[in-house]
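J.: Quick one: structure below, then a few questions.
The values are calculated or read from the model by the stated rules, or taken from the named source; none is laboratory data. What you see is a predicted model, and the numbers here were worked out from it, not measured in a lab. Because the Cβ atoms are built from the backbone with ideal geometry, glycine has one as well, and the counts that use them run over all protein chains shown.
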Amino acid sequence: MTSRKIEIAVGLFMALGFAALVMLAMQVSNLSSFGGSDGYKVSAYFENIGGLKVRAPVRAGGVLVGRVSEISYDEETYQAEVTLTLEDQYRAFPLDTAASIYTAGLLGEQYIGLEPGAEEDYLQDGDEITLTQPALVLEQVIGQFLFSQASE
Amino acid sequence: MLDALQRIGQTGLTFFQRLGRGHLFLLAVLAGCGSAFVRFRLIIQQMYSVGVLTLVIILVAGLFVGMVLALQGYYTLVDFGAEESLGVLVSLTLVRELGPVVSALLYAGRAGSALTAEIGLMKATEQLSGLEMMAVDPYKRVFAPRFLAGSFSVPMLAAIFSAIAVIGGYLVGVPLLGVDEGAFWSQMQANVDLTADVLNGVIKSVVFGIVVTWIAIFEGNDCVPTSEGVSRATTRTVVNASLAILGLDFVLTALMFSA
């Protein structure tokens, strides 16, 4: 009888342990929305990406629609090439969608914001977003401000 | 002068002899693990005494560690207006470091010392020799089930510790300090990675479980079979296991999070 009680207690212990692992996986690290590589890729060229990082969010209207999957430097155009992986459920971005790099809050991380355009055709896998706006670099802004002050 | 040299040499030799005996012992225990699975009931019984009985201290400690982390983190983060990152701070600290390390330390104090004392007394009262006289291999019957039970239990305890501590952090952070609930969870989910953070934490706790249980059983089997020897062995278990946990934690962290 005591051996049965011990076994039940150990069973509970194991169940609790696995439940804790599942909680860590689902609730803390969000396995459910980590969809892997499905989705379609579009590229965008920026003059300056600031502090943008791989896996940074891509948002349209503030909603997370994808993530940055690759960042490289193109030596022919002297621009940064950013590959975005957009989720399959958001297929209807017009061809003239604009991509800009924003900062979330004052100290927050940087993300890409998409503003849909008016074209009839939609972005497909491998397409390029041509309308881009580089990240705001604080030093440049201050420099421009000082320059315009001086010229007055 | 020569006496001092001799003492240094003796200390070194004893150290390396014990290190060698420890590794041979580990090999023998690992060899006995196969037949321990056949008598699974023994493993379950040991999991009760090392795992289930450690659960209470893990739950209470986890809850309070999470609550203190949230409290301290909040006062630092609020200066930067970044108190929404409290969830990230609490969960990353726990999943990567505090969960595996603190639960292994608690396990070494609560269950490791008990293992050493039990086996040491078995040796002192010549139960181990008695088993051998009856042609029962103590490695298979006594050591291997305890080793396996400890190695299974510690990752479980660490996961429970982290989970309950995240809940403790939530309880202090959201209802008490007024951090936004959505930001707390969503920032946590966006910044904690399953493989890089959670899985590495589990790997750490598996390593700690194996090492602590190994040290505990070895010290018990290696003790001088007197009451004083058993007490010394118990102390050595707690000290050596804690040092091993902290040292290994640095090595594992350097290996895992350097890239």
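J.: Just the residues that are of a type in the set (A, V, I, L, M) and touching a Leu at 6+ places or on another chain (Cβ under 8 Å), please, taken from segment B:207-232.
T.: Within segment B:207-232, B:207, B:211, B:216, B:217, B:230 qualify.
J.: Pairs please, first residue from segment A:22-35 and facing chain B (nearest Cβ under 7 Å), second anywhere and modelled with pLDDT under 75, Cβ atoms under 8 Å, 6+ apart in sequence or on different chains.
T.: A:25/A:31
J.: If you don't mind, there's one more thing I want to ask. Could you pull out every one of the helices (runs of 4 or more DSSP H) wholly within segment B:1-88 that has 2 or more residues that are among the hydroxyl-bearing types (Ser, Thr, Tyr) and under 30 Å from residue B:192 (Cα atoms)?
T.: Correct list: B:55-77.
J.: What helices (runs of 4 or more DSSP H) completely inside segment B:152-259 contain at least 2 residues that are in contact (Cβ under 8 Å) with a residue 12 or more places away in the chain and more than 14 Å from chain A (Cβ to nearest Cβ)?
T.: Once the helices (runs of 4 or more DSSP H) in segment B:152-259 are filtered for at least 2 residues that are in contact (Cβ under 8 Å) with a residue 12 or more places away in the chain and more than 14 Å from chain A (Cβ to nearest Cβ), what remains is B:200-222, B:227-257.
J.: Condition first: in a helix (DSSP H, G or I), at the interface with chain A (Cβ under 10 Å from one of its Cβ atoms), crowded, with 18+ Cβ neighbours inside 10 Å and touching a helix residue (DSSP H, G or I) at 6+ places or on another chain (Cβ under 7 Å). Can you find one or more residues in segment B:101-110 that meet it? Lay out the reasoning, then the answer.
T.: Applying the first criterion (in a helix (DSSP H, G or I)) to segment B:101-110 yields B:101-110.
When the remaining residues are screened for being at the interface with chain A (Cβ under 10 Å from one of its Cβ atoms), the result is none.
Checked against the condition, which is being in a helix (DSSP H, G or I), at the interface with chain A (Cβ under 10 Å from one of its Cβ atoms), crowded, with 18+ Cβ neighbours inside 10 Å and touching a helix residue (DSSP H, G or I) at 6+ places or on another chain (Cβ under 7 Å), segment B:101-110 yields no hits at all.
J.: Take residue B:36 and decide whether it is touching a Leu at 6+ places or on another chain (Cβ under 8 Å) and more than 30 Å from residue A:27 (Cα to Cα).
T.: Taking the combined requirement at face value, the residue satisfies it.
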